[in-house]
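Take a look at the structure set out below.
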Amino acid sequence: MAEEQGISSAFRHVLDAISDGVYVTGPDRTIVYWSAGAERITGYSSAEVVGHRCDENLLGHTDLDGTRICLSGCPLQDCLDTGQEHTINEVFLRRKDGERLPVYVKTAVFELDGGRYGVEIFGELESVAGKELAGRIQELSDSAVSDPLTGLFNRRYLDAALAQHFAMFKRLGRRYGVIQVDIDEVKAVNDQLGHLTGDEAIKFVADVLSESVREMDVAARFGGDEFVVICALASNADLVAYGRRLVRIVHDSRFAAAEEAGLRVTVSAGGALVAADDPDERAALARADAAMYAAKKQGRDDFAIAGNGSGR
């Protein structure tokens, strides 16, 4: 594909020799080249990336505060628009294995055979800032976007992710779904076994969700015993299948402390797709919340989709 886009074999050979990650995009931000260094740093192969737009958020670029720079203030987009090069020293990307890695980013633009290309070069921050400083930056960023109890993304990050997904839907028509998850009968766990065990139940469900959602999705703690998953799905049928799967996985998992006391940790969940007439990003979340309460009324340990009743 790179050859078809005008990137010569010799040029690719030179870029592959660079230890930093390098990728090249066309004017519409479609990735046409992904270097060997990029494969090493991110875990994504060229075949998994080339042909996708860089703003599809595969790498989840964020700043120190957790703001997704791919969708707001993207230095590569500005470089393509204005020709202005950028260097940013505190950016985080999400590797294929889920690890958030601090990197530095440089962007540039070049003309080749009448076409305009954007280039992003990124490298592990530790190699230039030192292990101690890179580790401290990692800690600061993690504390800004992570829930301290569960390790999932926190409400602050969730709010930003919802806003950015909605902006992408309005701009490019990329539909997505929102699933709200609530732990059933967590009050009984608190009352019978204490709040520390109740916290462990919340962590247990968070761990199950973290291991069960797809790499491109966002799982966050909404607050208390509630969680939200943002998922790139375009149909009610897909959303139902995904939501039912998450509920079933929690049902089939075992929280020993509760079961030894004759209790069972399950969840109820509701889902909604973003809609063209939604006024803002909160509308789909509100419908998912209402559907979640419908699932609870149906007997708990269930999934419901907004407007369509039970997902079972």
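The values are calculated or read from the model by the stated rules, or taken from the named source; none is laboratory data. None of these values were measured; they are calculated from a predicted model. Note: ideal-geometry Cβ built from the backbone for every residue, glycine included; neighbour counts use all protein chains shown. For the accessible areas, the whole protein counts, side chains as well, though only heavy atoms, and no ligand, DNA or RNA atoms are used. Shrake-Rupley method; radii C 1.70, N 1.55, O 1.52, S 1.80 Å.
The three principal axes of the C-alpha atoms in the range 166-312 carry coordinate ranges of 50, 28, 23 Å, sorted with the longest axis first.
Taking the Cβ of residue 58 as the centre, find all other residues whose Cβ is under 11 Å away and add up their charges (Lys, Arg: +1; Asp, Glu: -1). With Lys, Arg at +1 and Asp, Glu at -1, the neighbours total 0. Counted residue by residue at 0.36 nm each, then reduced by the alpha carbon distance between them, the extension gain from residue 277 to residue 149 reaches 42.5 nm. Net length available on complete extension from residue 53 to residue 241 is 65.0 nm, with 0.36 nm assigned per residue and the Cα-Cα distance removed.
With a cut-off of 12 Å between beta carbons, the residues surrounding residue 31 carry a summed charge of -3, where Lys and Arg count +1 and Asp and Glu -1.
Modelled spin labels at residue 81 and residue 207, positioned 7 Å past Cα toward Cβ, are 4.5 nm from each other. Using the alpha carbons alone, the radius of gyration of the range 22-122 stands to its Kirkwood radius in an Rg to Rh ratio of 0.93. If you wrap the tightest convex hull around every Cα atom of the range 256-312 and split its volume per residue, you get 91 Å³.
In straight-distance terms, cross-link reach from residue 203 covers every one of the lysines whose alpha-carbon lies under 25 Å from its own, apart from those fewer than eight places away in the same chain; here that gives 96, 187, 296, 297. Accessible area ranking (1.4 Å probe, heavy atoms, ligands and nucleic acids excluded), largest first, for 215, 85: 85, 215. Evaluating 6.51 cos²θ - 1.76 cosθ + 1.60 at θ = phi - 60° for every residue in the range 255-272, the Karplus couplings come out as 9, 4, 4, 6, 5, 5, 9, x, 10, 9, 8, 10, 10, 10, 9, x, x, 8 Hz, glycine and proline recorded as x. How much net charge surrounds residue 108 when only other residues with a Cβ under 14 Å from its Cβ are counted (Lys, Arg +1; Asp, Glu -1)? Around residue 108, the charge tally is -4.
Packing-wise, with mean Cβ within 10 Å as the measure, how do 113-120, 203-210 rank, highest first? Spell out each step's value before the answer.
Numbers: 113-120: 16.2, 203-210: 20.0.
Result, highest mean first: 203-210, 113-120.
For residue 146, the residues whose amide H sits under 5 Å from its own are 154, ignoring neighbours fewer than 5 places away on the same chain, with H placed 1.01 Å from N.
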